[in-house]
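One structure is given here, and the rest of the page talks about it.
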Amino acid sequence: MAKYWKQGFYDEPQEGSVEITEEYWQELLDGQSSGKEIRENESGYPVLVDHEYTLDELKEMKIADINAYDKSDAVNSFTLSGKRMWLTKEDRVGLVNSINIEKQAGRLDTVLWFDAVKYTIPVSSALLM
């Protein structure tokens, strides 16, 4: 059974439409489902093309990538005494502030509690973590 295209799909011929096979129609739909766009070529025939992102779309995608990275283990985790630890951004900011206060007060070591385990570490190392 044939399908027809004229800026959209039809089951019946439209004025100015082009005929396509049902197999090609399904191929176009499958391509669209995988992120491609259906466009017309110079003859008005539907073809699949890669989506061309606008500058705003590219900016949004990059910002989403940065936000995902900022929340990832690559940024938020560290290893202490063989144990991998993860801290939220708010926890990291709070710790840096309190450890800097300890540093200004001349303390050489600080105490970090994680999962009910006490770690005494040098202030300089704590700031690097």
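I'd like the full set of residues that are over 19 Å from Lys83 (Cα atoms) and of a type in the set (D, E, K, R), limited to segment 96-126.
Glu102, Lys103, Arg107, Asp109
Condition first: surrounded by 12 or more Cβ atoms within 10 Å (Cβ to Cβ) and assigned to a strand (DSSP E or B). Now tell me which residues in segment 112-126 satisfy that.
Result: Leu112, Phe114, Tyr119, Ile121, Pro122.
It is to be established whether one or more residues within segment 113-121 are closer than 30 Å to Arg39 by Cβ and of a type outside the set (A, V, I, L, M).
Checked against the condition, which is being closer than 30 Å to Arg39 by Cβ and of a type outside the set (A, V, I, L, M), segment 113-121 yields no hits at all.
Where the second residue is among the hydrophobic types (A, V, I, L, M, F, W, C) and in a helix (DSSP H, G or I) and the first is closer than 20 Å to Ala116 by Cβ and lies in segment 62-91, which pairs have Cβ atoms under 6 Å and are six or more apart or on separate chains?
none
Within segment 94-110, which residues are of a type in the set (A, V, I, L, M) and either in contact (Cβ under 8 Å) with a residue 24 or more places away in the chain or within 16 Å of Phe78 (Cα to Cα) (or both)? Walk me through it before giving the result.
Pass one, segment 94-110, residues of a type in the set (A, V, I, L, M): 95-96, 99, 101, 105, 108.
Within segment 94-110, Leu95, Val96, Ile99 meet the criteria.
Every number here is computed from the coordinates shown, using simple stated rules; none is lab data. Please read all numbers here as calculations on a predicted model, not as lab measurements. Because the Cβ atoms are built from the backbone with ideal geometry, glycine has one as well, and the counts that use them run over all protein chains shown.
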